[in-house]
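As structure tokens, the structure follows; a few thoughts come after it.
The values are calculated or read from the model by the stated rules, or taken from the named source; none is laboratory data. Keep in mind that what you see is a predicted model, and the values were worked out from it rather than measured. Here the Cβ positions follow ideal geometry from the backbone for every residue, glycine too, while neighbour counts run over all protein chains shown. Each accessible area value is taken on the protein alone, full model and side chains, heavy atoms only, with ligands, DNA and RNA left out. Shrake-Rupley method; radii C 1.70, N 1.55, O 1.52, S 1.80 Å.
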Amino acid sequence: MDHRTRAQDVLRCHLCETLGPPMYCGICHIHLCKACVGEHLLDESKEHTVVPFKKRGLNPKCSKHSTQLCDIHCEQCDIHCEQCNIPICLECVSSGEHLGHKQVGILKILQTKREALKKDLQELENSIYPKYQEIASNIPVQKADLNKSFKKLTTALDKHGEDLQREIDIAIKKLKSDMDEMESKHLVVLDKQENEIKHTISEITQDIAYLKNILNSNDVSLVSAYRSRNAEFKRLPPKLTVSFPRFTPQKINKEQIYQQIGSLSALSFKTEEHGYEMDSPSAESSPPDKTPIDVPRMIITEINTEYGESNILRSVSCLSDDELWTCGKDNMMRLYNLHSKLVKSIQTKSGKIPRDIAVTKSGELVYNDAYDRTVKIVKNTKIQTVIRLRGWGPFNVCSTSSGDLLVVMITDDMKQTKVVRYSASTVKQTIQYDDKGQPLYSSEVYPKYISENRNLDICVADNRAGAVVVVNQAGKLRFTYTGHPSSTKEPFGPAGITTDGKGRILTADFNNHRIHILDQDGQFLQYIYNCHLQSPSGLCVDTRDNLFVAEYFTGC
């Protein structure tokens, strides 16, 4: 038997003492049988609220009219004011305080709330809780995948290490083989000289014996027949001097070794706000929102320069963590420190505008002079011509980790564009077409800033094409980035380009006043655009991954 029924067995009607009275007066706090309800309501000395016994205590007390000395005489609320969203009593209604408000019976509100509670419970039990369980159960799978992925990476690294070690062993073996060959050749020469000397010694020995024999003899004919060979023997054999080979080990460049080995892409954790979705029985799930998250960037310092609207600022290149070179539309290249102090200025040799600037590994300034079709380098304030072109004009330039120069150049008729790698003045590589024979770059005279990434990829921001074109070290096209499909007012207009210590690619969107950040495989990561950027142009990154942005018109 239900415990609530057992409890009712001891109850009696307050008026007739009938067992198990089903009714209850919430005002008088007494139990009533159905027969006595009418009699009880005839007592008009007070209000009565008679409800089924199971629903006793449902009516809340009025918060404004419950100040009497005992609970028996406190007003209880039978009505709910929807506008005020509170239970009210009859005295509240008569006061006019809720005049014009929609009023609903408290039991009806209770029923509605109960339905809402049931719906919440059902949703929690049947949908939300199972979804969380599903998400939780996916974590061990992700852990297992993580372990597998890193094991694969370890295996790949081990194999690559073995391949590199094999190449090193082959190189060492070849050097040893060359040494053995040199030793054999040296030994042959020494053996030949030794045999010749031994033969001469034998002849000298015979001559000595012959002379002694003549001197001990009185034979006139022997004395007369003797011919001296001393003059011949006095011509000593040439002294053989051999320069032994020397092994000159190259200084081990750890950075080049790391580059030769390769690099790991940066570990990233991406939190998608709508990555998980609740199943909807009425509609198909919509794809998660992939709008990029814009992370604020703090401006560490603002460098005020001589550039501005009359002399726009085009390019910047870091000399150190404290100084950077700049150039604009006059014939001067200026070095500023972080405190906006002009440290040094150099005028171009031709007196014309430099097209672009770069800084080499050794800290020397390089610039393109389109006027005389040259690339020049500044060494100890002396300007030297490194590259001289014919039929082509140098456009943008960068210095690589190996010390080479990458030069973007365009034909005089503006029909072809290519990237050429130089070691000093020697052409080492030309990059112009993709695997299908199509030009990689546009040929119009618009900026094509260039940068080498940490993985040795070559990145070109082709402004006219509205694209960042990335090829690998061998010149093979890896990907082309044409902007993120988020809403921007103007078409993607890439200007300056640079890379950071993690291999991320940063390019200035001149048209939309922002910086795009990509990973080394061309996947969009985020924007920088909430630092009041205005027409960003040249970019550079120092060794601490601080980004410097040249604002085209403001000169900052």
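Near the amide H of residue 319, within less than 5 Å, lie the amide hydrogens of 324, 325, all on another chain or at least 5 residues away, with H placed in the peptide plane.
A probe of 1.4 angstrom, applied to the heavy atoms of all protein chains, finds residue 34 with accessible area near 150 square angstrom. Taking every protein chain into account, the accessible area of the chain amounts to 65 square angstrom per residue (probe 1.4 Å). Computed over protein heavy atoms with a 1.4 Å probe, the carbon and sulfur contribution to the accessible area of the chain reaches 53%.
Under the simplified labelling scheme, the residue 444-residue 240 pair shows an inter-label distance of 7.4 nm, with each label point 7 Å from Cα along Cα→Cβ. Computed FRET efficiency, Cβ-Cβ of residue 426 and residue 172, R0 41 Å: what is it to the nearest 0.05? In this case the efficiency is close to 0.90. Compared with the direct C-alpha span, the chain from residue 47 to residue 148 gains 28.7 nm at full extension, assuming 0.36 nm per residue. With a 1.4 Å probe and every protein chain left in place, tell me how much accessible area residue 340 has, in Å² to the nearest 10. About 40 Å², ignoring ligands and nucleic acids.
Are there trypsin sites (Lys or Arg not before Pro) in segment 364-425 that DSSP marks as loop and that have at most 13 other Cβ atoms within 10 Å, and which are they?
Here the sparse-neighbourhood loop sites are 390, 415.
Binning the C-alpha pair distances of segment 310-350 at 5 Å intervals from 0 yields a P(r) profile of 6, 24, 32, 26, 10, 2, 0 %, listed from the shortest bin outward.
Suppose the Debye formula is applied to equal point scatterers at every Cα of segment 94-141; what is log10 I(q)/I(0) at q = 0.15 Å⁻¹? Per q value, in the given order, log10 I(q)/I(0) is -0.61. Extending 7 Å from Cα along the Cβ direction at residue 553 and again at residue 456 yields two label points whose distance is 4.3 nm.
Here's how it looks for residue 525: its modeled amide H is under 5 Å from those of 517, 518, 519, which are all 5 or more places away or on a different chain. Taking 19 Å as the limit for the C-alpha separation, the pairs 174/254; 428/476; 251/361; 349/376; 418/476; 251/502 exceed it in the case of 174/254; 251/502.
Each residue of segment 151-163 was assigned a 3J(HN,Hα) from its phi angle through the Karplus curve 6.51 cos²θ - 1.76 cosθ + 1.60 (θ = phi - 60°); the sequence is 5, 4, 4, 4, 4, 5, 5, 4, 5, 5, x, 5, 4 Hz, with glycine and proline shown as x.
At full extension, residue 436 and residue 210 could sit 72.6 nm farther apart than now, given 0.36 nm per residue minus the alpha carbon distance. Remark on residue 449: its backbone amide H falls under 5 Å from those of 461, 463, a criterion applied only to residues 5 or more positions apart or on other chains, H modelled at 1.01 Å from N.
Positive contributions from Lys and Arg (+1) and negative ones from Asp and Glu (-1), summed over other residues with Cβ under 10 Å from the Cβ of residue 503, come out at -1. The HN-Hα couplings worked out from phi for segment 238-254 by the Karplus form 6.51 cos²θ - 1.76 cosθ + 1.60 (θ = phi - 60°) are x, 6, 8, 10, 10, 8, 5, x, 10, 9, 10, x, 6, 5, 6, 9, 4 Hz, whole numbers, x standing for Gly and Pro.
Counting 0.36 nm for each residue step from residue 223 to residue 340 and taking away their Cα separation leaves a gain of 31.7 nm. About its Cα centre, the dipole of the chain is roughly 2220 debye, where the only charges are +1 on Lys and Arg Cβ and -1 on Asp and Glu Cβ.
Counted without the sites themselves, the longest stretch of the chain free of chymotrypsin sites (Phe, Trp or Tyr not before Pro) in a DSSP loop having at most 16 other beta carbon atoms within 10 Å is 1-225.
Measuring with a 1.4 angstrom probe and ignoring ligands and nucleic acids, residue 220 comes out at about 100 Å² accessible. Only helical runs count toward this figure. For the chain, summing -39,500 (n - 2.57) over DSSP H runs of n ≥ 4 and dividing by all residues gives -8500 deg cm²/dmol at 222 nm.
Counting only lysines at least 8 places from residue 212 when in the same chain, those with an alpha carbon closer than 21 Å to its own are 234. Restricting segment 93-157 to GluC sites (Glu not before Pro) that sit in a DSSP loop and have at most 13 other Cβ atoms within 10 Å of their own Cβ leaves 97.
About its Cα centre, the dipole of segment 404-556 is roughly 180 debye, where the only charges are +1 on Lys and Arg Cβ and -1 on Asp and Glu Cβ.
Whole-Hz Karplus values for segment 177-184 come out as 5, 4, 5, 4, 5, 4, 5, 5 Hz, taken residue by residue from phi with 6.51 cos²θ - 1.76 cosθ + 1.60 and θ = phi - 60°; glycine and proline positions read x. Across the chain, counting alpha-carbon atoms alone, Rg and Dmax equal 47.5, 187 Å.
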